[in-house]
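Let me begin by presenting the structure, written as structure tokens, before commenting on it.
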Amino acid sequence: MSRQVPLVAANSVLGSLQELRSDTLGAYLRAQRTYGDVVRFSAGPPGMRADVYGVFSAEGVQQILASQAANFRKENAVYTEIRESIGNGLLTSQDEEYRFQRRMVQPFFTQRRVNGYAAAVHLEAIAAAEKWSASPDGLIDASKEMAEFALRAVTRILFGSDIDTAIDVVRRNFPVLGDSVLRRGVAPLRIPRTWPTPANRRVAAAQRELYEVCDRIIAERSAAGDTGEQDMVSLLVQARGEDGAALDADAVRDQVLVFLLAGHETTATALAFSLHLLARHPEAQARLREEVDSVLGGRAAEAADLDTLPYVGQVLKEAMRLYPSVAIMGRRNAEAAEVEGFHIPAGSDVYLSPWVTHRHPDYWARPEDFDPDHFAPEAEAARPRYAWFPFGGGPRACIGQHFSMLEATIALATFFQRFELTAVDHDIPVGLAMTMQAMGPMRVRVTPRDKRPQRHSAGARTEGQGAAE
Ligand code: HEM
């Protein structure tokens, strides 16, 4: 006999609507602390009330993403909006269409293939570091810098030598589509896209410009045939299924746009918060620099260093625990389900939240503390698999996980070979856009390591250390 899910108490007029809108992450966190691991919000004005479920335990997450994945589908309003904005690529497609796409695309994300992208990532990391060296006041905004770095890295992997043709168009237009997906995805009523409102026209223009640049590069690559180019557009154009079928130009564009959407802000957020947290924690930063110095000794980081720099990996995982780029994931169940012994009716909107599960007191002793040793091998092995799931899990787990860990590891190694960082902004408010974002400046002081103040005595401190904690 399954149990009824506890209802989160709320305002009698709009239910939990206001709270879910203005402070989604806070609302989920408080609900878990007050009601437990499976909760129900009722939101909206009378007559338009809708139930929203939250599932927060590692076991519940495992059931939804893995063991009951076939029933929990990508069918909510946000996924619909993504399909309509950038096409139905790997992130949103389902069933046979999804299986076909995943078979076609998987070979480009194997470890061997992804390792081949390391040099391009290193090139972009060096370019970012050179820019910082030239900064007159030594101050950078970590979220802006990492947004630009991650955009350049993924655009270079996708478009190769055409990066400069594509990057301005992407930088200008992607945010317009992202805002629209978000706004329309949570709106109770949506104006049809065909109506000529200013917002609809802006979105249509952004979509047109983005499609045009992708289509042009795809057509050029198709016409050129197999030239040995290893950028992902070339690989997608050359790809053949088991029956010899190719992806048509629209399908290639759908995948390219999905990789841009899924692979840019996510990695940027993970890196920005890693820099911020290291800037606030000089002892963790010193340990990271020691590892980087002793392993690399000044040489460039490469793919194999994912294994030789374990502490860099622990820092990244801990930053993604506290600040998961995808802080909420939604599903809708086709049939009634039982999750953690609770009954969830068919057709429910069910949300998982790494933000909440990553702070769950059952899995983390001091959930709010930054402690990369949360990811020491023995600590990791002692936790349930889904206590940490920034990349999702089950059959729809992130295909870019290895790539983003490689990219972020190379970036951190390259930056800390050259700089010491100290935090200027300490408390960073966060909010939900397409991914989780810093809602204020994230300034960090970068001091070139060859110019940093010398320590003259055991008690002396380097500049800024006193203010950093
Ligand atoms: C730190 C970086 C990243 C994070 C935190 C992240 C997170 C995620 C998450 C949580 C999902 C599952 C969404 C769900 O189940 O609803 C996902 C799926 C996906 N991600 Fe990532 N991602 C990252 C980087 C990337 C990169 C670099 C790429 C590609 C270049 C990428 C491409 C995708 C794709 C295509 C999917 C859909 C996979 C499928 O359904 O088969 N991601 N990602």
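The values are calculated or read from the model by the stated rules, or taken from the named source; none is laboratory data. If you're wondering where the values come from, they're calculated on a predicted model, not measured in any experiment. Reconstructed Cβ throughout: ideal geometry from the backbone, glycine too, with neighbour counts over all protein chains shown.
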Practice item. Would you check if PRO367 is surrounded by fewer than 18 Cβ atoms within 10 Å (Cβ to Cβ) and either among the hydrophobic types (A, V, I, L, M, F, W, C) or not in a helix (DSSP H, G or I) (or both)? Key: yes
Practice item. Report, ordered by the first and then the second residue, all pairs with beta carbons closer than 9 Å, sequence separation of six or more or different chains, a first member in segment 429-440 that is among the aromatic types (Phe, Trp, Tyr), and a second member that is away from the ligand (no atom under 14 Å from the Cβ). Key: none
Practice item. Enumerate the pairs (first residue in segment 66-77 and in a loop (DSSP other than H, G, I, E, B); second residue anywhere and of a type in the set (Asp, Glu)) with beta-carbon separation below 6 Å, excluding pairs fewer than 6 apart on the same chain, so at least 6 apart or on different chains. Key: ASN71/GLU335; ASN76/ASP349
Point to revise | Tally, over segment 376-390, of residues that are away from the ligand (no atom under 15 Å from the Cβ) and not aliphatic (A, V, I, L, M) | key: 5
Revision key, fill the gap. Subset of segment 124-149, residues part of a loop (DSSP other than H, G, I, E, B) and of a type in the set (Ser, Thr, Tyr), comes to SER135
Revision key, fill the gap. Selection over segment 36-83 where residues are of a type in the set (Ser, Thr, Tyr), farther than 22 Å from ARG385 by Cβ and buried (at least 18 other Cβ atoms within 10 Å of the Cβ) yields a count of 1
Practice item. Assess whether GLN94 counts as being under 23 Å from the mean Cα position of the chain (by Cα), in the same structural domain as ALA187 (by TED's automatic domain parsing) and touching a residue at least 24 places away in the same chain (Cβ under 8 Å). Key: no
**Study point:** Residues located in segment 218-263, provided they are β-branched (Val, Ile, Thr) and either outside the structural domain of SER404 (by TED's automatic domain parsing) or modelled with pLDDT of 90 or more (or both)
**Key:** ILE218, VAL233, VAL237, VAL252, VAL256, VAL258
Exercise for review: Sort out for me the strands (runs of 3 or more DSSP E) sitting completely within segment 391-441 that have 1 or more residues that are within 11 Å of the ligand (Cβ to nearest atom).
Suggested key: 436-438
Practice item. Just one of (1) away from the ligand (no atom under 16 Å from the Cβ); (2) in contact (Cβ under 8 Å) with a residue 60 or more places away in the chain; (3) within 20 Å of ALA120 (Cβ to Cβ); (4) surrounded by 18 or more Cβ atoms within 10 Å (Cβ to Cβ) trips up LEU261, so point out which. Key: (1)
Exercise for review: From ALA127, ALA166, ALA142, ALA134, grab the single residue that is surrounded by 19 or more Cβ atoms within 10 Å (Cβ to Cβ), free of Cβ contacts under 8 Å to residues at least 60 places away in the same chain and away from the ligand (no atom under 14 Å from the Cβ).
Suggested key: ALA166
Revision key, fill the gap. When restricted to PHE108, PHE100, the only residue within 14 Å of the ligand (Cβ to nearest atom), touching a Leu at 6+ places or on another chain (Cβ under 6 Å) and not in a loop (DSSP other than H, G, I, E, B) is PHE108
Check your understanding: Any chance segment 45-53 includes a residue that's under 20 Å from TRP364 (Cβ atoms), part of a loop (DSSP other than H, G, I, E, B) and free of Cβ contacts under 8 Å to residues at least 60 places away in the same chain?
Key -> no
**Study point:** Complete set of residues in segment 13-27 that are assigned to a helix (DSSP H, G or I) and among the small types (Gly, Ala, Ser)
**Key:** SER22, GLY26, ALA27
Point to revise | Qualifying positions in segment 63-82 - farther than 18 Å from VAL52 by Cβ and either within 13 Å of the ligand (Cβ to nearest atom) or acidic (Asp, Glu) (or both) | key: ALA66, ALA69, ILE82
**Study point:** Matching strands (runs of 3 or more DSSP E) fully within segment 276-362 where at least 2 residues are within 16 Å of the ligand (Cβ to nearest atom)
**Key:** 329-333, 349-352
Practice item. Just need a number here: residues in segment 297-347 that are aliphatic (A, V, I, L, M), under 30 Å from LEU123 (Cα atoms) and surrounded by fewer than 18 Cβ atoms within 10 Å (Cβ to Cβ). Key: 2
